[in-house]
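> Mind looking over this structure? Questions follow.
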Amino acid sequence: MNSAAPSLPSSSQNVVAAPSDDKRWRIVGATMRRYGFAPSALIETLHTVQNSFGYLDTQSLRFVARSLKVPLSKAYGVATFYGIFRLKPHGEHTCVICTGTACHIKGAAKLLATIDRCANIRDAETTKDNKLSLVTARCFGACGIAPAAIVDGQVIGNLSPETMEELVRRCLKS
Amino acid sequence: MQTPQHLDAKNGRIVNLDDLKTIAEQEALLKSQLKHRIFVCMGTACQSCQSADVLDSLTREVSTRGGQAECLVTPGGCQGNCAEAPLVVVEPGGQLYRGVAPGDAASVIDSLKTGPVKRLLCDTTAPFFTEQTRLVTEYRGLVNPERIEDYIAVGGYIGLLTAVTELTPDEVIQQVTRSGLRGRGGAGYPTGLKWSTVAKAVSEQKYVICNADEGDPGAFMNRSVLEDYPFRVLEGMAIAGYALGATQGYVYVRAEYPLAVKRIEKAIAGAQRHGLLGNNIANTQFSFHVEVRLGAGAFVCGEETALISSIEGGRGLPCPRPPYPAESGLWGHPTLINNVETYTNIAPIIRNGGDWFAKIGTEKSKGTKTFALSGRVKNTGLVEVPLGTTLRKIIFDIGGGVPEGHKFKAVQTGGPAGGCIPAEHLDAPIDYESLQSLGSFMGSGGMIVMDDTSCMVDVAKFFMDFCATESCGKCIPCRVGTVHMRDILNKITTGEASLEDLAQLEELCDMVKYTSLCGLGQGAPNPVLSTLRYFKDEYMAHIIDHLCPAGVCAGKGQDIRRPACVL
């Protein structure tokens, strides 16, 4: 997100001006319009912001809060309450390790240890070179193929520490 | 796909049972023109094993041979045995192929003339397939989840149109009551009773919510049902809307299930196009709209009042009940909240009558239940059995038992609010009451098998860590109690705990269980209580001998205490 100064809402119209002329704000605007700028659209809108920009920063929270007429504290509260929202950007690659019961029983901890050893990162951390972010998830329902991970959007099941190591090394290199 | 002639006049709207019949006949005709239909599972497990590539290569193979006219390759639903993904079914004949690679396309297409490919063939006479009763998953994944015509061809929407055109709302509720269906989210509240409470509430606006926030770790039944049979969930919701006098429904689904979200959104659009959702369904006064609301990774939102706060756009904080959502729910209006699987059962109940459904299951627990079988068991995947089936049958007959010569230790049901059931209770029937008497809980249907390589204290710690992290923080017993319990369990697994700590843990269990505001806190002590009840010896081994019998907290026979710092 670039840092153009957010313009103040003009009193003549209901719609708050987007923080910048970045086209992605139009997608965010479309979501809010679809729900008639109702305060209840807060979570849906934050999903759209995160899907478009990768994370939620203060500027986007401020914009969404003003547009939907909810206090900024509420937008911040929601953004920090729900596990999916993040306030910092991810690295180039993202690895989500499932830590649900089935994956726990089948050795998710070993996968996390492997990543820690290879990339020196733990849950919710990103490598210094910004190549790889690690996130843990509370079960994404791939229990039949546990232990599972999602690497850059792709679900990978039946992982061994060796395969995990290979995946991490590939992410770090590319 | 062409729309049947006489439907065109009504802009493709389906308004009565004859329209459904026309479409079903048209589909049957199309089917009869095809010699073969090949279904490639597009569920999460199969997709992670490149089933999309398998679908592509099969489609290419058929078209290069010019066989499109007589062989249809289509995306299908879950076959259940996810451990052997990706799965492909060939109809007619029902050959099930497992572990199919894109390179196998030629052999599979060859096999249509020469006979099954033996090396890929899955034995469908195995107990995994024969011992199941398919009701929620009755189409066995053999309908394309993205085509409404496929669903109509197997009897879809007969339930809704029968209800709307031939039954009064009261009669619909009567059928649901007679069926004996109980909530499939876990608590088992009688569905008919819930419906009639909302129906009796006087309000201009009522809401129907489908709880698809399947947060229990180790449970994926709802995901699978939404991915494979989204139309049936919508049909069930619409029938509920008609019975209750509600015009608006919401499907609250986890954002962690992108495929399920996509399928349900597509199904809503498809149903609207055919007039099976929207204004004046079946040309009557009944209108019903459905919208999708995404969860955002908060376990507590599976609790109904927290789910309502979340749909309203706020943090998912639960509220004290009463008033129950049936009286004052979403935006203060009477609201029905049922689980995905509960709605899935509605259409067949209306189609076949409540008495038909009541014949399945036990005296107090009717129907079937889907379970997500996972952990240390040979056949992991999705299974469906009549309620009253024993745990032994599910784990050893259907599941094939514990692999690699290990010994069965316990099965965990009910998610973080559930408990671990040991080997001596394997012959207990699975129903709401008996699971509760064993210190566990039906839950939404996760079933995780553990063997001698699992440490029960570690398992209890895992769940307590889950609850402590997921506690919303509104009430103190849950917010503080779960953290304290986790700390004590941590001390036990590192050999630093005393017997006083254990006594305090038991005391805390009691306090948190009886004083927490919602189900999350009330259920949080259950994994500890059930492991203490059946596996106290493991706790003692950790506390007194500083050993972990399963070799999880430290290697077998090794002291679990952290080595003292030498510096």
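The values are calculated or read from the model by the stated rules, or taken from the named source; none is laboratory data. Computed from a predicted structure; not experimentally measured. All Cβ positions, glycine included, derive from the backbone under ideal geometry; neighbour counts span all protein chains shown. Areas reflect the complete protein model, heavy atoms only, side chains present, ligands, DNA and RNA absent. Shrake-Rupley method; radii C 1.70, N 1.55, O 1.52, S 1.80 Å.
> If you restrict to DSSP beta bridges whose two residues both lie in segment B:155-358, what percentage is antiparallel, to the nearest 5? Show your work: numbers first, answer last.
Values: 2 of 19 bridges.
Among the beta bridges of segment B:155-358, antiparallel pairing accounts for roughly 10 percent.
> Excluding residues on the same chain fewer than 8 positions from B:K206, give the aspartates and glutamates whose Cα lies under 20 Å from its Cα.
Once the sequence-local aspartates and glutamates are set aside, what remains near B:K206 is B:D170, B:E171, B:E235, B:E291, B:E303, B:E304, B:E312, B:E327.
> Also, quick follow-up: Treat each spin label as a single point 7 Å out from the Cα along the C-beta direction, and report the B:N279 to B:Q436 distance in nm.
Those two pseudo-labels are separated by 4.6 nm.
> Take every residue in peptide B:212-225, count the Cβ atoms of other chains within 10 Å of its Cβ, and give the average of those counts.
Details: counts 0, 0, 2, 3, 5, 13, 10, 6, 8, 1, 1, 5, 2, 0.
If you average over the peptide's residues, the count of other-chain Cβ atoms is 4.
> Follow-up. Is the protein assembly as shown best put as rounded, prolate or oblate by its Cα gyration tensor, with a ≥ b ≥ c the root eigenvalues, rounded for a/c under 1.5, and otherwise prolate when a/b is larger than b/c, oblate when not?
Values: a/c = 1.32, a/b = 1.18, b/c = 1.12.
Here the protein assembly as shown falls in the rounded category.
> I'd like the distance between the alpha-carbon centres of segment B:24-60 and segment A:109-174, rounded to an integer number of Å.
Cα centroid to Cα centroid, the span is 32 Å.
> What relative contact order, as a whole-number percentage, does segment B:155-358 give when Cα pairs under 8 Å and 6 or more residues apart are counted?
On the way: 401 pairs, mean separation 67.6, N = 204.
Reported as a whole number, the value is 33 percent.
> Rounded to whole Å, give me the distance from the Cα center of segment A:64-103 to that of segment B:359-408.
When both Cα centres are located, 36 Å separates them.
> Using only Cα atoms and rounding to the nearest 10 degrees, what angle (0 to 90) does helix A:58-68 make with the longest principal axis of chain A?
That helix lies at roughly 50 degrees to the long axis.
> Now a separate question. Is the C-alpha gyration tensor of chain A telling us rounded, prolate or oblate? Criteria: a/c under 1.5 is rounded; beyond that, a/b larger than b/c is prolate, otherwise oblate.
Details: a/c = 3.01, a/b = 2.15, b/c = 1.40.
Note, shape of chain A comes out prolate.
> Give me the accessible area per residue for chain B, probe 1.4 Å, as a whole number in Å².
On the way: 21030 Å² over 567 residues.
Accessible area per residue: 37 Å².
> With respect to the cross-link table entries B:K266/B:K366; A:K74/B:K262; B:K366/B:K393; A:K106/B:K407; B:K474/B:K513; A:K106/B:K556, which display a Cα-Cα separation exceeding 20 Å?
Numbers: B:K266/B:K366 32 Å; A:K74/B:K262 28 Å; B:K366/B:K393 18 Å; A:K106/B:K407 15 Å; B:K474/B:K513 15 Å; A:K106/B:K556 18 Å.
The answer is B:K266/B:K366; A:K74/B:K262.
> Follow-up. So what does B:D123 come to for accessible area, using a 1.4 Å probe and Å² rounded to 10?
Taking all protein chains as shown, B:D123 has close to 90 Å².
> To the nearest 20 debye, what is the magnitude of the charge dipole of segment B:34-127 about its Cα centre, counting +1 on the Cβ of each Lys and Arg and -1 on the Cβ of each Asp and Glu?
Values: 8 positive and 9 negative charges, 37 e Å.
For segment B:34-127, the charge dipole is close to 180 debye.
> Would you list which aspartates and glutamates come within 14 Å of A:K173, measuring only between C-alpha atoms, while excluding same-chain residues fewer than 8 positions from it?
Straight-distance partners of A:K173: A:E92, A:D129, A:E165.
> Share of segment B:313-400's accessible area from carbon and sulfur, percent, 1.4 Å?
Values: 1340 of 2800 Å².
Looking at segment B:313-400 in its full context, I get 48 percent from C and S.
> Be a star and scan segment B:394-414 for residues whose amide nitrogen sits under 16 Å from the point 7 Å along the Cα-to-Cβ vector of B:R533.
Counting only backbone N, you get B:410-414.
> Counting only other chains, and only Cβ atoms inside 10 Å, what mean value do you get across the residues of B:309-319? Numbers along the way, then the final one.
Working: counts 0, 6, 2, 5, 15, 9, 8, 4, 2, 0, 0.
Neighbouring Cβ atoms belonging to other protein chains average 5 per residue here.
> Right, next: Based on the alpha-carbon gyration tensor of segment B:456-545 and its eigenvalue square roots a ≥ b ≥ c, which shape applies: rounded if a/c is under 1.5, prolate if not and a/b is larger than b/c, or oblate?
On the way: a/c = 1.97, a/b = 1.87, b/c = 1.05.
Prolate.
> Using the heavy atoms of the protein chains alone and a 1.4 angstrom probe, what is the accessible area of chain A per residue in square angstrom?
On the way: 8290 Å² over 174 residues.
Ligands and nucleic acids excluded, the result is 48 Å² per residue.
> Under a cut-off of 13 Å between alpha-carbon atoms, report the aspartates and glutamates in cross-link reach of B:K21, not counting same-chain residues fewer than 8 places apart.
Reachable aspartates and glutamates: B:E149, B:D150.
> Taking amide H positions as placed 1.01 Å from N in the peptide plane, with prolines and chain starts having none, which residues 5 or more places from B:Q95, or on another chain, fall under 5 Å of its amide H?
B:V90
> Under the 0.36 nm per residue contour assumption, what length would be gained going from the current alpha-carbon distance of B:T64 and B:L121 to full extension? Display every interim value, and only then the final one.
Values: separation 57, 0.36 × 57 = 20.52 nm, distance 2.44 nm.
The span from B:T64 to B:L121 would gain 18.1 nm if fully extended.
> Order these peptides, A:116-127, A:135-146, by their mean beta-carbon neighbour count within 10 angstrom, highest first. Before the final figure, lay out the partial values.
Working: A:116-127: 16.0, A:135-146: 26.2.
The most tightly packed comes first, giving A:135-146, A:116-127.
> Calculate the mean, over all residues of peptide A:143-156, of how many other protein chain Cβ atoms lie within 10 angstrom of the residue's Cβ.
What the average comes to for A:143-156 is 6.
> Computed FRET efficiency, Cβ-Cβ of B:N352 and A:D152, R0 51 Å: what is it to the nearest 0.05? Write out the running numbers ahead of the final one.
Working: r = 46 Å, r/R0 = 0.90.
About 0.65, to the nearest 0.05.
> Give me the distance in nm between label points sitting 7 Å out from Cα along the Cα-to-Cβ direction at B:M540 and B:Q558, one decimal.
2.6 nm
> Hey, another quick one. Which residues does the label zone of B:T168 cover in segment B:263-290, counting backbone N under 20 Å from a point 7 Å along Cα→Cβ?
B:284-287
> Let me ask something else about it. What value in Å³ per residue do you get for the convex hull of the alpha-carbon atoms in chain B? Before the final figure, lay out the partial values.
Details: hull volume 90.9 nm³, N = 567.
Hull volume over Cα atoms, normalised by residue count, gives 160 Å³.
> Ok, one more. What is the helix-to-structure angle for A:24-34, meaning the angle in degrees between its Cα long axis and the longest Cα principal axis of chain A, kept from 0 to 90 and rounded to the nearest 10?
70 degrees
> Okay, next question. Whole Å is fine, so just give me how far the alpha carbon centre of segment B:498-530 lies from that of segment B:111-161.
44 Å
> Further question: Among B:G66, B:C518, B:I476, flag the residue with its Cα farthest along the positive direction of the charge dipole of chain B, charges on Cβ as +1 for Lys/Arg and -1 for Asp/Glu.
B:G66
> Go ahead and run the numbers for FRET between A:R170 and B:V154, Cβ-Cβ distance against an R0 of 60 Å, rounding to 0.05. Write out the running numbers ahead of the final one.
Working: r = 43 Å, r/R0 = 0.72.
In this case the efficiency is close to 0.85.
> Skipping prolines and chain starts, which residues have an amide H placed within reach, meaning under 5 Å, of the one on A:T136, given they are 5 or more residues away or on another chain?
Residues meeting the criterion, in which the H sits 1.01 Å from N, are A:I97, A:A124.
> Hey, another quick one. Fully extended, how many nm does the chain gain between B:T197 and B:Q33 (0.36 nm per residue separation, minus their Cα-Cα distance)? Please report the intermediate quantities before stating the final value.
Working: separation 164, 0.36 × 164 = 59.04 nm, distance 4.94 nm.
Working it through step by step, the gained length comes to 54.1 nm.
> For a Förster distance of 25 Å, can you work out the FRET efficiency between the beta-carbons of B:E312 and A:Y76, rounded to the nearest 0.05?
Numbers: r = 17 Å, r/R0 = 0.69.
So, using R0 = 25 Å, E works out to roughly 0.90.
> Once label points are set 7 Å from the Cα along Cα→Cβ at both B:S287 and B:K364, what is their separation, rounded to one decimal in nm?
So the two model labels end up 4.4 nm from each other.
> Counting only residues 5 or more places away or on other chains, whose amide H sits under 5 Å from the amide H of B:L336 once H atoms are built in the peptide plane?
B:Y207, B:V208, B:I209
> Contact order normalised by length for segment B:368-451, with contacts defined as Cα pairs under 8 Å and 6 or more residues apart; what percent is it?
Numbers: 177 pairs, mean separation 31.2, N = 84.
Relative contact order, segment B:368-451: 37 percent.
> Ok, one more. For the pair B and A, how large is the buried accessible area, both sides, in square angstrom to the nearest 100, if the probe is 1.4 Å?
On the way: alone 22530 and 10020 Å², together 29320 Å².
Roughly 3200 Å².
> Now, a different point. Can you give the % of DSSP beta bridges in the protein assembly as shown that are antiparallel, to the nearest 5? Mind showing how you got there, number by number?
On the way: 35 of 68 bridges.
So the antiparallel bridges amount to about 50 percent of the total.
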